[in-house]
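The structure appears right after this line, and notes come after that.
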Amino acid sequence: MNLNQFTTCDIILFDSLQKGIHFHTHSSTFGRQPLLQVKISAASNPAAATMMKSLGASAILLAATTSSCNAFLSTTTTKRPSSSSLAATPILGPINEDIFSTTPPLRIEGNSLKTWSGFQSDRVQVSIKSMGRPVEASVELWQTPSYIPTKFTVECEDGSENIVHSLIELPPGYPVTIAVYNTEGQEFPMEVSVSDSNSGSALDSFAGWTPILVQGDGTVKAFNLADDVEHVEILLTTQTRNMKAYIEILKGPNDDNEIIEVDTDNAYLHPFYTVIQAAEGCNTLRIKNENSVEFPFEAYVRPCEGVVEEERQQFNYGGPYF
């Protein structure tokens, strides 16, 4: 509520005969000049009419007080996360959830690196999982030995429950390499599948959807997910600007089931698309713009139901391992 909003309140007074007199007040402000309108309705009897006249000043004073209180409310934009509630829809994006069957995964030990190259398509799918252990990985797109146009890091509690599916757009006409680091310790290996994606772009799958603008300087957008949501599709893009984003899905306070940090120099050429699996029950998705205020980005969020690769296991509702 600010100086350009309206305030409406209802005041009900009772006489000795318990006959209600209803005062409907409506106040607004234009600039710094408050305007006040009072609509009074009463029972059609002399006693109520007399009481209405005698108490009208008090009603107007109360309404004016309500209106004047708005002047003390700040009109500056706070960084409280804006939230909305989302229900599940079928998966519509280009992610292949059967990638571990069609492209056998490679095992990457802790503190190790593996690379993939020789792609024949415009985009590549990267999927990461583990056998119930925590996952902490860094995925980079190498265009030249010294140029990394896009990269992201992911942390999750349980790699069998929070399987990572992401799509990386490749620059046309350039040889590239996908590098995947396992930044966890040696006791936490993970399995990774990387393959060409012959599906359409993620942006095409969101045709008809209205994106949410996430301003810079730490702005946060929050989404409450219904309990029937199994996956969440997320697409982050800009108008040729660079992007630094922070994505997390929470089961409860300070319980980050999965965290993804994205850094790309041009989110128009390299938009970030991922599918995050949600734990059973209600979850909250938070998207934060970690760039400066000059670099907003657009976020597409679509909760969905999908086929889980393995039978859903009991989720660990404790705190994060990392």
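What follows draws every value from the coordinates through simple rules; no lab data is involved. Model, not experiment: these values are computed from the prediction. Ideal geometry is used to build each Cβ from the backbone, glycine not excepted, and the neighbour counts take in all protein chains shown.
Report, in debye and to the nearest 20, how large the dipole of the stretch 82-305 comes out about its Cα centre when Lys and Arg carry +1 and Asp and Glu carry -1 on their Cβ. All intermediate terms of the calculation are to be shown ahead of the outcome.
Working: 13 positive and 33 negative charges, 112 e Å.
Dipole of the stretch 82-305, to the nearest 20 debye: 540 debye.
Once backbone amide H atoms are built at 1.01 Å from N, Arg133 has Gly159, Ser160 as its partners under 5 Å, excluding neighbours fewer than 5 places away on the same chain. Just going by the charge dipole of the stretch 82-305, with Lys and Arg at +1 and Asp and Glu at -1 on Cβ, which of Leu167, Gln143, Val154 is farthest out on the positive end? Of the listed residues, the answer is Gln143. Nearest 5 percent is fine: what portion of the DSSP beta bridges confined to the stretch 82-305 is antiparallel? The antiparallel proportion sits near 90 percent.
If you take the square roots of the eigenvalues of the alpha-carbon gyration tensor of the stretch 86-169 and sort them as a ≥ b ≥ c, do you get rounded (a/c under 1.5), prolate (a/b over b/c) or oblate? Oblate, because a/c is 1.5 or more while a/b does not exceed b/c.
Taking a threshold of 20 Å on the Cα-Cα distance, which of the pairs Lys129/Lys151; Lys114/Lys244; Lys129/Lys244; Lys114/Lys251; Lys151/Lys251 fall above it? Walk me through the intermediate numbers first.
Numbers: Lys129/Lys151 18 Å; Lys114/Lys244 24 Å; Lys129/Lys244 24 Å; Lys114/Lys251 32 Å; Lys151/Lys251 26 Å.
Too far apart for the 20 Å limit: Lys114/Lys244; Lys129/Lys244; Lys114/Lys251; Lys151/Lys251.
Applying 1/(1 + (r/R0)^6) with r as the Cβ-Cβ distance of Asp265 and Thr102 and R0 = 51 angstrom yields a FRET efficiency of 0.95. Fully extending the segment from Met131 to Asn198, taken as 0.36 nm per residue of separation minus the present Cα-Cα distance, adds 21.3 nm.
In terms of the Cα gyration tensor, with a ≥ b ≥ c the square roots of its eigenvalues, is the stretch 216-269 rounded because a/c is under 1.5, prolate because a/b exceeds b/c, or oblate? In terms of gyration-tensor shape, prolate.
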